[in-house]
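Okay, so here's the structure we're looking at.
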């Protein structure tokens, strides 16, 4: 004798499979409970009653699947999956029904397109450094790196700066224990490059340098330099001036004006200061220093000054960035004001 289900709502050949009627009743009762839920607490109570993982009615109906013979499990399982999807949809609909008035009261129009998230970007000084690498890369210069914590030999002695020179004054440098110091110039990298390879050399070095300067609109105790070095047979001052003029036009624009003033640095001879005309043409601002590499520097690294010549230059990255973007105060680059940085 075939046993009828208690609910008796299943019809057709599958009606003889034990439990299908209970699934029909479970779906109807669950839909009704979610539809009648008047607040979030009632929706949650209905969810626990019908969809709860431990004691929910749907969970109990799933346990019944294990008791069925193999030929009945497929039909029961298909109906069980359909009931579960229907109750989960009813749960989502109930939550949406209750959340809709709250969104409307808050003035949220779900039909509007979403707001694009604000993406971060590189700091303007990092952008500037990358652009400088690209410009000098087109001139044939490769990039070299060196340590920020240096020894006195690479920062002074190899650069032909004698012990009594004012540049070594403790008031003008950050000395560390053990004869170390924070480098005061990226010229230290040119020494390390020449120590490690024979000429010809054509490199740039970019990085932070440290000097205890008083902070004002154009000075900081930590700033960034780009150092350039070219060594080969027959390199002249004309090559140096050509490279710097081409660089200035490439990075700052063809209308930029730069000038060279005689100067003195222990590691170059002759030496020049390189100035660029500031916005509006009202004043000149130092862009950096440059000159022909002193023969004593070549001797310190094992080069023969009778065989090769070369030039070196050091430019302030902050000032190039300020000139390019019309920034009048270097301190703006370090205050981390999101309103300022967002402009770049």
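What number of residues in the stretch 217-249 are within 33 Å of the chain's Cα centre (by Cα) and touching a residue at least 60 places away in the same chain (Cβ under 8 Å)?
The qualifying residues number 16.
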request  = Give 83, 108 a once-over and let me know the one that is modelled with pLDDT under 85, over 24 Å from the mean Cα position of the chain (by Cα) and surrounded by 10 or more Cβ atoms within 10 Å (Cβ to Cβ).
outcome  = 108
remark   = Within the stretch 294-322, restricting to residues that are closer than 17 Å to residue 126 by Cβ and touching a helix residue (DSSP H, G or I) at 6+ places or on another chain (Cβ under 7 Å), the one that is surrounded by the fewest Cβ atoms within 10 Å (Cβ to Cβ) is 318
inquiry  = Checking residue 76 against (1) over 53 Å from the mean Cα position of the chain (by Cα); (2) closer than 30 Å to residue 109 by Cα: exactly one of these is not met. Which one?
reply    = (2)
remark   = Over the stretch 210-237, the set of residues surrounded by 20 or more Cβ atoms within 10 Å (Cβ to Cβ) and closer than 30 Å to residue 328 by Cα is 223, 224, 225, 226, 227, 228, 229
remark   = Scanning the stretch 118-137 for residues that are assigned to a helix (DSSP H, G or I) and in contact (Cβ under 8 Å) with a residue 24 or more places away in the chain gives 124, 125, 127, 128, 129, 131, 132, 133, 135, 136
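Search the stretch 266-283 for residues being over 15 Å from residue 244 (Cβ atoms) and over 34 Å from the mean Cα position of the chain (by Cα), and hand back the single one that is surrounded by the most Cβ atoms within 10 Å (Cβ to Cβ). Lay out the reasoning, then the answer.
Taking the stretch 266-283 as the starting set, the residues that turn out to be over 15 Å from residue 244 (Cβ atoms) are 266-267, 269, 278-283.
In the following step, the residues that additionally are over 34 Å from the mean Cα position of the chain (by Cα) were identified as 266-267, 269, 281-283.
Details: 266: 16, 267: 24, 269: 15, 281: 9, 282: 7, 283: 9.
The residue in question is 267.
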request  = Among the candidates 192, 180, 168, single out the residue that is touching a strand residue (DSSP E or B) at 6+ places or on another chain (Cβ under 7 Å) and either surrounded by fewer than 20 Cβ atoms within 10 Å (Cβ to Cβ) or not assigned by TED's automatic domain parsing to the domain that holds residue 309 (or both).
outcome  = 180
key: Complete set of residues in the stretch 126-144 that are touching a strand residue (DSSP E or B) at 6+ places or on another chain (Cβ under 7 Å) and either more than 18 Å from residue 287 (Cα to Cα) or surrounded by fewer than 15 Cβ atoms within 10 Å (Cβ to Cβ) (or both)   = 140, 141, 142, 143, 144
query = Looking at this structure, is residue 256 assigned by TED's automatic domain parsing to the domain that holds residue 170, touching a strand residue (DSSP E or B) at 6+ places or on another chain (Cβ under 7 Å), surrounded by fewer than 18 Cβ atoms within 10 Å (Cβ to Cβ) and farther than 20 Å from residue 190 by Cβ?
reply = yes
ask   = Only one of these conditions is not met by residue 235: (1) farther than 27 Å from residue 302 by Cβ; (2) assigned to a loop (DSSP other than H, G, I, E, B); (3) at pLDDT 95 or above. Which number is it?
value = (1)
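The values are calculated or read from the model by the stated rules, or taken from the named source; none is laboratory data. The structure presented is a predicted model; accordingly, all values stated were derived computationally and were not measured. Heads up, the Cβs are rebuilt from the backbone with ideal geometry, glycines too, and the neighbour counts pull from every protein chain shown.
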